[in-house]
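J.: Before I ask anything, let me first share the structure, which is written out below as structure tokens.
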Amino acid sequence: MKRILPIMLGATLGLLAATSAFAIERGGAMTFARYDDSTVIDPVYADRNPDLWMVNGLYETLLRNGPDGSIVPGLAETHEVSADGKTITMALRTGLKFSDGSDLTGADVVFSLDRARNPELGPWAGLLGAVDKVTADGNKITVSLKNPDPTIISILATFNTGIMPKAAFEKAAGATDQEKARAFFAAGPVTSGPFVMKSHVQGSSMSFERNPNYWRQGEDGKPLPYLDRVEFLVIPDDATRILKLQAGEVDAAEFIPFARVGELGADPNLKMELFPSTRIVYAPINTREAKKDGSKNPLADIKVRQALNYATDKNVLIKLVTFDTGKPMTSLMSAATQLHYGPEPLYPYDPEKAKQLLADAGLSGGFEVKLTTLAGSADDATLFTALQQMWAPLGVNLKVEQVDNPTRGEKNRAGDFDIHTYGWANDVNDPAQVTGWLGYYKQRQAVGTGWNNQEFNTLFEASNVETDPAKRKDEYKRMQEIYAAEAPLLFLFETPFAVAVSKSIEGYVQTPLGANDFSEAWRAD
Amino acid sequence: MPSLSYLVARLLQIIPTFLLVMIFIFLLVRLLPGDPAIAMAEAKATDAQLEQIRHNLGLDQPLPVQFLVFVKNTLTGELGRSIMLKAPVTEIILARLPTTIFLALYSVVLAIFLAGPLAFLAASRVNTPVDVAIRGVFQLGLSMPVFYIGLLLLTVLAAQLRWFPVGGYGKTFLANLYHLILPALSVALYTSAIILRNLRASLIEVLDADYVQFARAKGLSPRIIMTRHVLRNALVSTVTLLGLSIGNLMSGTLVTETVFAIPGVGRLMLEAIFARDYPLIQGLTLTFAVLVSVVFLLTDVVQSWLDPRLRQS
């Protein structure tokens with residue numbers, strides 16, 4: 001049965017694809033309302049979500065993230081990792097062209113990867129830290145590593161390794177790479193992805209047009225994308241963005257507040273899309289022995305951290321904050337992350353156990369905890385009120401401190417907090433990024449919690465050079481178990497990406513990594 | 001008209017104002033917790049990477065050095081590069097400023113056209129139902145926050161009745177008049193409420209003044225009494241108020257531009273603060289200081305034209 005099921009599934013999907021192929025219509029435009037504008041959509045310099053979530057629209061990577069999260073071929077038709085894990089060889093497809101009609105060759109690949117791994121340039125160079133050399137011989141690309149790196153295949157499918165045109169970029173005006181990048185993008189850049197950027201009015205609007213030379217085929221056997229144009233409007237205010245959609249002036253609006261999901265889902269003209277994401281909402285706990293002011297920190301005791309986790313009714317929070325669109329966390333990483341291990345929700349609500357744990361820690365008399373939240377965030381305000389009520393029976397007196405985003409970042413880095421709210425979405429289709437961020441002490445003191453677990457650190461270091469996928473999987477399983485038990489976080493929930501789309505648009509996707517994918521979107525009216 | 005020496009004196013007074021604004025804004029943005037590096041890295045960078053970013057931005061230099069660079073740059077008209085938008089601050093501000101000025105002027109004109117005639121009507125029929133009704137409606141405008149009025153107008157007039165677009169900005173002058181009518185109106189409702197109250201009160205006072213009574217007794221035509229005696233005197237305090245409210249309006253654009261998705265300098269300021277974009281915040285504050293100074297200067301000029309007594313000092 002186990003073997004038949006995938007075959008049956010495959011057959012059904014194939015049939016579905018075959019029938020829908022007749023339905024797809026080409027041409028037309030869609031208008032997309034965004035919460036914030038892009039600045040520079042350069043694979044290397046993109047440093048904010050509104051930038052990096054747009055890169056794949058303009059620049060294609062050698063490998064791609066498939067719809068099920070697996071790595072599939074991109075500009076490179078094949079890829080192979082040597083037995084020692086130190087050499088990756090890839091074969092470029094033949095006949096690849098940039099949007100201006102020039103050939104996409106090995107030289108462009110070497111140029112793009114060298115730029116992506118140059119630490120003098122963008123913030124993502126570290127992802128390619130293991131790369132020693134990139135060479136091209138005809139269609140054959142060779143990436144040589146200093147040491148084995150199991151994440152490298154995922155990185156070659158990550159936006160920062162998008163392939164840019166060497167000749168056109170070098171022709172752009174400017175002395176430094178930064179200046180060239182600015183001139184290159186201001187002039188309407190030559191691209192390798194499904195679209196070209198026709199215009200961009202900072203803070204207001206942006207226009208993507210179909211790249212006629214894009215390599216991928218649609219279901220009708222002709223090159224993607226189906227749409228001729230995608231127009232972007234920047235509308236920062238949630239209420240206005242939704243009004244614009246309801247008035248029919250745009251075809252889709254992103255970042256719908258969860259409180260409005262039910263209402264928009266009931267609108268006969270709209271589809272309320274809740275795309276599976278790698279986004280988690282969690283709260284780092286300061287695990288240091290002493291607080292910033294020198295006083296003793298009760299949260300340093302693992303029992304206290306576990307108690308607070310047990311005393312938190314995640315299902316109630318999911319109802320109150322995400323209006324039932326979220327899911328409880330089962331691991332430090334979202335369930336959509338590769339190598340995720342989490343058979344069941346962490347710390348199911350159990351106030352009795354919480355009470356017992358606090359008694360064991362000698363804190364039945366109660367104590368005070370400060371929750372640092374984002375000022376103006378309705379979600380954080382709800383979260384605080386709910387936690388305050390849930391924890392009060394334990395004698396935990398929860399106080400609130402409201403700050404803006406950079407202040408929260410500063411407090412996190414200075415270790416000047418008890419517990420604070422935080423969110424995360426993966427940028428890379430690999431668990432190393434989120435695991436290093438949340439748990440590895442040497443990177444960021446385990447998301448600023450000060451949690452320093454030797455076994456976890458050693459496992460993380462080993463997993464980063466592990467060439468055997470089975471062993472790496474085991475290491476990740478063990479790390480996730482340790483992390484769950486040690487509870488350096490208040491585990492809250494996973495949330496989807498909520499995008500409301502007009503019924504006349506099909507095929508738009510926001511990927512689990514957040515990227516806006518218009519390559520297979522089409523107009524049905 | 002005011003004399004040239006009066007204008008020069010007023011212009012010279014602006015210089016110390018600017019110096020103070022520069023010092024204050026330079027220190028204030030740096031007193032805020034968090035810095036551009038932290039805001040920019042969206043918390044994902046390691047401490048070493050942060051140090052690198054700070055170094056690249058010159059934030060690891062001592063404060064006096066940073067201040068001198070800032071003053072030197074400003075004097076040469078160079079406001080630095082925006083950290084958030086990765087482009088020269090002057091260029092960014094110049095691209096966004098016309099939108100905000102357009103919106104501000106548009107709402108002032110609307111406010112004057114709304115408040116002026118109605119104030120006359122109310123003042124000439126003091127305590128009649130007309131007067132009470134006019135005051136009542138504008139009291140409502142005064143007691144609702146601008147963003148709320150804005151959302152109400154958007155929901156009813158734009159999303160439901162579809163008379164106007166929901167936010168955004170046009171490309172031509174006429175398109176902008178159409179696109180910006182709701183934001184201009186929501187700001188104007190607030191401003192006109194203030195003007196109306198003031199103008200109505202001064203009109204009532206002036207209409208009752210001895211010299212107006214005398215003019216009437218002299219047998220001057222009501223038209224001449226109105227323009228030469230009543231209006232000219234009643235407007236003095238209203239012009240002051242209008243000048244002040246344009247200053248307020250600049251801060252009002254922070255909210256209005258966000259609600260209506262207008263790419264002006266107000267919304268830019270808000271974004272710059274959240275990104276701790278020091279050069280951009282500094283540049284924008286200076287821009288606001290210049291704008292407000294110009295408006296106040298114009299107010300003084302108009303006033304001294306209306307009231308010759310002010311020219312002596």
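The values are calculated or read from the model by the stated rules, or taken from the named source; none is laboratory data. All figures in this text were calculated on a predicted structure; none of them were measured in a lab. Neighbour counts run over all protein chains shown; Cβ positions are idealised from the backbone, glycine included. Accessible surface is based on the protein model in full, side chains and every heavy atom, while ligands, DNA and RNA are left aside. Shrake-Rupley method; radii C 1.70, N 1.55, O 1.52, S 1.80 Å.
J.: (1) touching a residue at least 12 places away in the same chain (Cβ under 8 Å); (2) part of a helix (DSSP H, G or I): which one isn't true of residue B:49, the others all being true?
T.: In the conditions (1) touching a residue at least 12 places away in the same chain (Cβ under 8 Å); (2) part of a helix (DSSP H, G or I), residue B:49 misses (1) alone.
J.: Any residue in region B:292-310 that is closer than 19 Å to residue B:231 by Cα and open to solvent by 70 Å² or more (accessible area, probe 1.4 Å) sitting within a Cβ distance under 7 Å of a residue that is modelled with pLDDT under 85 and not in a helix (DSSP H, G or I)? List the pairs, counting only those 6 or more apart or interchain.
T.: Close Cβ pairs (under 7 Å, with a partner that is modelled with pLDDT under 85 and not in a helix (DSSP H, G or I)) amount to B:305/B:1; B:305/B:2.
J.: Identify, by number, the condition in (1) within 14 Å of another protein chain (Cβ to nearest Cβ); (2) surrounded by fewer than 21 Cβ atoms within 10 Å (Cβ to Cβ); (3) among the basic types (Lys, Arg) that residue A:503 doesn't meet.
T.: (1)
J.: Continuing with this model, one more query. Is there any pair with a first residue in region A:126-140 that is on the phi > 0 side of the Ramachandran plot and a second that is open to solvent by less than 60 Å² (accessible area, probe 1.4 Å) whose Cβ atoms are under 8 Å apart and which are 6 or more apart or on different chains, and what are they?
T.: That search, which allows pairs on different chains as well, returns A:138/A:106.
J.: Being within 14 Å of chain B (Cβ to nearest Cβ) and either open to solvent by 50 Å² or more (accessible area, probe 1.4 Å) or among the basic types (Lys, Arg) (or both) is true for just one of A:67, A:119, A:50. Which residue is that? Quick ask: steps written out before the conclusion?
T.: Details: A:67 fails: within 14 Å of chain B (Cβ to nearest Cβ); A:50 fails: either open to solvent by 50 Å² or more (accessible area, probe 1.4 Å) or among the basic types (Lys, Arg) (or both).
One residue alone meets the criteria, A:119.
J.: Which of the helices (runs of 4 or more DSSP H) found entirely inside region B:78-180 contain at least 3 residues meeting this: of a type in the set (Val, Ile, Thr) and within 29 Å of residue B:291 (Cβ to Cβ)?
T.: Helices (runs of 4 or more DSSP H) meeting the threshold: B:89-124.
J.: For region A:216-244, which positions are within 14 Å of another protein chain (Cβ to nearest Cβ) and open to solvent by less than 10 Å² (accessible area, probe 1.4 Å)?
T.: A:232, A:234, A:235, A:240, A:241, A:242
J.: Going by the conditions given, is residue A:424 open to solvent by less than 20 Å² (accessible area, probe 1.4 Å), over 19 Å from the mean Cα position of the chain (by Cα) and of a type in the set (A, V, I, L, M, F, W, C)? Explain how you work it out, then say what you get.
T.: Working: open to solvent by less than 20 Å² (accessible area, probe 1.4 Å): yes; over 19 Å from the mean Cα position of the chain (by Cα): no; of a type in the set (A, V, I, L, M, F, W, C): yes.
Taking the combined requirement at face value, the residue does not satisfy it.
J.: Return the total of residues in region A:281-312 being free of Cβ contacts under 8 Å to residues at least 12 places away in the same chain and among the acidic types (Asp, Glu).
T.: 2
J.: Look at region B:57-77 and say how many of its residues are within 14 Å of chain A (Cβ to nearest Cβ) and outside any helix (DSSP H, G or I).
T.: 1
J.: Would you pick out the residues in region A:193-214 that are at pLDDT 95 or above and either touching a helix residue (DSSP H, G or I) at 6+ places or on another chain (Cβ under 8 Å) or at positive phi (or both)?
T.: Those that are at pLDDT 95 or above and either touching a helix residue (DSSP H, G or I) at 6+ places or on another chain (Cβ under 8 Å) or at positive phi (or both): A:193, A:194, A:195, A:196, A:197, A:208.
J.: In addition: Would you mention how many residues in region A:201-215 are within 14 Å of chain B (Cβ to nearest Cβ), in contact with a Leu (Cβ under 9 Å, 6 or more places away or on another chain) and of a type outside the set (S, T, N, Q)?
T.: Counting residues in region A:201-215 that are within 14 Å of chain B (Cβ to nearest Cβ), in contact with a Leu (Cβ under 9 Å, 6 or more places away or on another chain) and of a type outside the set (S, T, N, Q) gives 2.
J.: Another question about this same structure. Could you please find all residues in region B:188-233 being within 23 Å of the chain's Cα centre (by Cα) and of a type outside the set (Lys, Arg)?
T.: The answer is B:188, B:189, B:190, B:191, B:192, B:193, B:194, B:195, B:196, B:198, B:199.
J.: Quick test for you: out of B:142, B:151, B:207, pick the one residue that is within 14 Å of chain A (Cβ to nearest Cβ), of a type outside the set (S, T, N, Q), at negative phi and surrounded by fewer than 22 Cβ atoms within 10 Å (Cβ to Cβ).
T.: B:151
J.: Further question: Working only within region A:274-289, note down all residues that are part of a strand (DSSP E or B) and open to solvent by less than 50 Å² (accessible area, probe 1.4 Å).
T.: A:275, A:280, A:281, A:282, A:283, A:284, A:285
J.: Given the condition under 30 Å from residue B:127 (Cβ atoms) and in the same structural domain as residue B:257 (by TED's automatic domain parsing), answer yes or no: does some residue in region B:173-185 qualify?
T.: Residues of region B:173-185 under 30 Å from residue B:127 (Cβ atoms): B:185.
Now restrict to residues that are in the same structural domain as residue B:257 (by TED's automatic domain parsing): B:185.
Taking every residue of region B:173-185 in turn, at least one turns out to be under 30 Å from residue B:127 (Cβ atoms) and in the same structural domain as residue B:257 (by TED's automatic domain parsing).
J.: Same structure again: Go through region A:88-106 and give me each residue that's open to solvent by 50 Å² or more (accessible area, probe 1.4 Å) and more than 23 Å from residue A:520 (Cα to Cα).
T.: A:103, A:105
J.: Consider residue A:485 against the criteria (1) more than 21 Å from the chain's Cα centre (by Cα); (2) not in a helix (DSSP H, G or I): it satisfies all of them except one. Which criterion is unmet?
T.: (2)
J.: Still on this structure: Please note which helices (runs of 4 or more DSSP H) are completely contained in region B:219-313 and include at least 2 residues that are closer than 30 Å to residue B:7 by Cβ and within 14 Å of chain A (Cβ to nearest Cβ).
T.: B:265-274
J.: A follow-up question, please. Which residues, taken from region B:117-139, are open to solvent by 90 Å² or more (accessible area, probe 1.4 Å) and either of a type outside the set (S, T, N, Q) or under 25 Å from the mean Cα position of the chain (by Cα) (or both)?
T.: Residues satisfying the conditions are B:125, B:129, B:135, B:137.
J.: Let me ask you something else. State all residues of region A:151-178 that are open to solvent by 20 Å² or more (accessible area, probe 1.4 Å) and of a type in the set (A, V, I, L, M, F, W, C); if no residue qualifies, say none.
T.: A:153, A:167, A:168, A:173, A:175
J.: Considering only residues that are hydrophobic (A, V, I, L, M, F, W, C) and buried (at least 19 other Cβ atoms within 10 Å of the Cβ), look in region B:193-204 and name the one that is farthest from residue B:244 (Cα to Cα).
T.: B:203
Residues checked against (1) in contact with a strand residue (DSSP E or B) (Cβ under 8 Å, 6 or more places away or on another chain); (2) hydroxyl-bearing (Ser, Thr, Tyr); (3) within 14 Å of another protein chain (Cβ to nearest Cβ):
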site	(1), (2), (3)
A:415	no, no, yes
A:433	no, no, yes
A:438	yes, no, yes
A:449	yes, yes, yes
A:462	no, no, no
A:472	no, no, no
A:485	no, no, no
A:489	yes, no, no
A:510	yes, no, no
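J.: Test residue B:143 against the stated conditions and say whether it is in the same structural domain as residue B:188 (by TED's automatic domain parsing) and without any contact (Cβ under 8 Å) to a residue 40 or more places away in the chain.
T.: Working: in the same structural domain as residue B:188 (by TED's automatic domain parsing): yes; without any contact (Cβ under 8 Å) to a residue 40 or more places away in the chain: yes.
Against the criterion (in the same structural domain as residue B:188 (by TED's automatic domain parsing) and without any contact (Cβ under 8 Å) to a residue 40 or more places away in the chain), residue B:143 qualifies.
J.: Moving to a separate point now. Look through B:96, B:125, B:54 and report the one residue that is in contact with a helix residue (DSSP H, G or I) (Cβ under 6 Å, 6 or more places away or on another chain), modelled with pLDDT of 80 or more, closer than 30 Å to residue A:438 by Cβ and charged (D, E, K, R).
T.: Only one candidate qualifies: B:54.
J.: What number goes with the only condition from (1) within 14 Å of another protein chain (Cβ to nearest Cβ); (2) within 20 Å of the chain's Cα centre (by Cα) that residue B:163 does not pass?
T.: With respect to (1) within 14 Å of another protein chain (Cβ to nearest Cβ); (2) within 20 Å of the chain's Cα centre (by Cα), residue B:163 is out only on (2).
J.: Any residue at all in region A:254-263 that's more than 24 Å from the chain's Cα centre (by Cα), in contact (Cβ under 8 Å) with a residue 24 or more places away in the chain, closer than 30 Å to residue A:230 by Cα and open to solvent by 20 Å² or more (accessible area, probe 1.4 Å)? Break it down into steps so the answer makes sense when it comes.
T.: Start the filter on region A:254-263 by keeping residues that are more than 24 Å from the chain's Cα centre (by Cα), which leaves A:262-263.
Filter again for in contact (Cβ under 8 Å) with a residue 24 or more places away in the chain, leaving A:262.
Those still in the list that are closer than 30 Å to residue A:230 by Cα too: A:262.
Next cut, open to solvent by 20 Å² or more (accessible area, probe 1.4 Å) only: A:262.
Checked against the condition, which is being more than 24 Å from the chain's Cα centre (by Cα), in contact (Cβ under 8 Å) with a residue 24 or more places away in the chain, closer than 30 Å to residue A:230 by Cα and open to solvent by 20 Å² or more (accessible area, probe 1.4 Å), region A:254-263 yields at least one hit.
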